[in-house]
Amino acid sequence: MSEELLAQTGNDTSTTSITQRALEKGKDFITRSNRDTVLVEKAEEKFIPFEGRIIRNIHVETVGFEFSIYGEEKPIVQKIGRFANKLHTNTREKTIRQHLFIKPNQRLNPYKLGDNERYLRDQNFILESRIIVTPILDTDSVDLTVVTRDIFSIGGSVGGSFPNAPLFKVYDANVDGRAQGFEFDLLFDVDRSPKTGIAVAYSKSSILGSFADLLIYYTQINTGLSIGEEEEFATGFSLERPLVSPYSRLAGGAGWSQNWSKNVNSRPDSLFMDYKYNVLNLWGGYNFGADKAVQDRSRKFLALRVFDGYFIDQPEHENALDKSRYYNSQGILAEFTMYEQDFFKTQYVYGFGRTEDIPSGYNLSATAGMTKTSGYERPYGDINLNYKAAFTSGSFYEVLINAAGYFRSGPEDVVIQTGGTFYSQAFSLGRYKIRNSGTLLYTQLFNRLTNDWLTIRGNTIPGLRVEEVDATQRVSLGFESSLFTPWSLIGFRIAPFSSFYWAKLKCPTCGDKYQNFTGISLGMRIRNENLIFGTLEIKGTFIPKDDEGQSKFAFSFRKNLRFRKSDIFVTAPNLIVYN
């Protein structure tokens, strides 16, 4: 890339010339129209030839969603894009700069540039980002041009239950191009009193360039954290600064919410559980080794978390289904992590040609602390090993081993889980792409006191719930094959898929000690990369035998499906929960 861009630039080092040529190069990297191969590239690969050079200027160029990553679109799609563009404000240059942690007059770090590209792509109002390096003739300096491609940030959905309880949502994730989000939800339920409920939320990404994200919300429709059995109202906020790069030093967050039950279903006083509780969560962490040599990505991270769930009002009558649910919950946890993480860029995992950032590396963490949950005050500890890796062919996998438990006179509520997931490379068959995946997980529960028994839910076998079993062991297996097609309907692209699931529960106290369940699914995923909501999934699953020994067919619909957000491995210390 360096020789080509150098030849194009020649002796013309004017800002206009550099940014225009870099913009065209950025668009070429973003579009998939002229190449049929699937992208498989290390995040830092294109920047390595410029390592150590001085960054002279950083230019920002924003491309609206009217520019398609697929190149030339059908006339109807182009017309819709031009109309939608009148409603949309492109992300402002100042907003993009608030999401940059590369600065002028610094030496170019290829890994840091790769991290910043990924961080920009992780924002829900940006589809693609590329950083173009332009060497300046007869100097050791370079100019950088940050090219981002917007998503149409205004969206809406209709959900809930028809016709009695529809839920309407409208939102904008990038109000006025300033990385501000606003959402309004309206529920109309004929069985509620009052029949309507609302929820509102405001968010801001990287406040004043601090990389701290703010969320403020109020809800009457039970959409937040819920502990009790009743419908809950809630209000709260969170302020979170993730570790955006191994070269960052600090991460942390704070959150608070107040939640209270509301008798919207007009239940008798003898049955309604009246309660109110607050939840406070504070954490902070320091990243050791932020100034290590460029090629050394190994780090150590130390974090401390304090949480407090305090019931202001507790249910007074004996009808509480699970009294331990209504105890106060407090704790202090410390976590030490050793990790090394890189990323590579690919496509056709959950996206339809957009760049998806896949992490690779290891994370070994140990957590210890004192907790008070379900009325028991106990020390808590866990050990977690997570390893992710990728092959040059484009296949990648993840392996995990976790062990967590509490201690008093001996170990209690100990859970061990191990397993992994493998994604094959995306095979090309003409204009079609095929990617296969497989997951195997083993979970074992020891010395249960307050933990839930192991269950089977929709994340194990879609449409199946097995919860009335005192299971202490679970093995699950899943396979999936997806076909990404060139088919397009008004900008929406389609990927059919098929899946097979198997799970086994061990229940020592049951007459049938081992219980096996299977599921076979067919479905399709639909996505318009111009729009803010993620991949939509429609799936039908046949279950030969459910928990009552009956065969059944389950239909499911999921939205906003995407590959997990590619943050750095480390985060706030948490209690590991399995169900």
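The values are calculated or read from the model by the stated rules, or taken from the named source; none is laboratory data. Here the structure is a predicted model, which means the values were calculated and not measured. A quick note on method: Cβ atoms are made from the backbone with ideal geometry, for glycine too, and the neighbour counts reach across all protein chains shown. The area values use the complete protein model at the heavy-atom level, side chains included, leaving out ligands, DNA and RNA. Shrake-Rupley method; radii C 1.70, N 1.55, O 1.52, S 1.80 Å.
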Under 26 Å Cα-Cα from LYS545, which lysines qualify once same-chain neighbours fewer than 8 residues away are excluded?
LYS504, LYS506, LYS513
Which whole-number value in Å² is the accessible area per residue of the stretch 310-447, probe 1.4 Å?
45
Restricting things to alpha carbons, tell me how big the stretch 235-335 is in terms of Rg and Dmax, in Å.
20.3, 67
Cα-based convex hull, the chain, per residue volume (Å³, whole number)
164
Mind jotting down the three principal axis lengths of the stretch 402-476 based on Cα atoms? Whole angstrom, largest first.
63, 25, 13
Not counting ligands, DNA or RNA, and with a 1.4 Å probe, what is MET524's accessible surface area in Å² rounded to the nearest 10?
80
Could you work out what % of the accessible surface of the chain is carbon and sulfur, using a 1.4 angstrom probe and leaving DNA, RNA and ligands out of the count?
55
Degrees, to the nearest 10: 75-85 long Cα axis against longest axis of the chain
80
Residues whose modelled amide H sits under 5 Å from the amide H of VAL63, counting only those 5 or more places away in sequence or on another chain, are THR148, ARG149, ASP150
How much accessible surface does TYR119 have with a 1.4 Å probe, in Å² rounded to 10?
10
Once the Cα gyration tensor of the stretch 476-560 is found, what semi-axes does its equivalent ellipsoid get, as square roots of 5 times the eigenvalues, in whole Å, sorted largest first?
34, 11, 11
Evaluate the charge dipole of the chain about its Cα centre and quote only its size in Debye, nearest 20, assuming +1 on the Cβ of each Lys and Arg and -1 on the Cβ of each Asp and Glu.
980
Straight distance only, please: which lysines reach the Cα of LYS204 with their own Cα at less than 24 Å, same-chain residues fewer than 8 apart left out?
LYS86, LYS94, LYS103, LYS112, LYS169, LYS559, LYS565
Could you tell me which of SER205, GLY159, ASN265 has its Cα farthest along the dipole of the stretch 148-276 towards the positive end, charges placed at Cβ (Lys, Arg +1; Asp, Glu -1), taken about the Cα centre?
SER205
Under unit Cβ charges (Lys, Arg +1; Asp, Glu -1), what dipole magnitude, rounded to 20 debye, does the stretch 250-387 have relative to its Cα centre?
200
Name the residue from SER360, TYR348, LEU302 whose Cα lies farthest towards the positive end of the charge dipole of the stretch 294-375, charges +1 on Cβ of Lys and Arg and -1 on Cβ of Asp and Glu.
SER360
About the Cα centre of the stretch 141-267, how large is the charge dipole given +1 on each Lys and Arg Cβ and -1 on each Asp and Glu Cβ? Please answer in debye to the nearest 20.
160
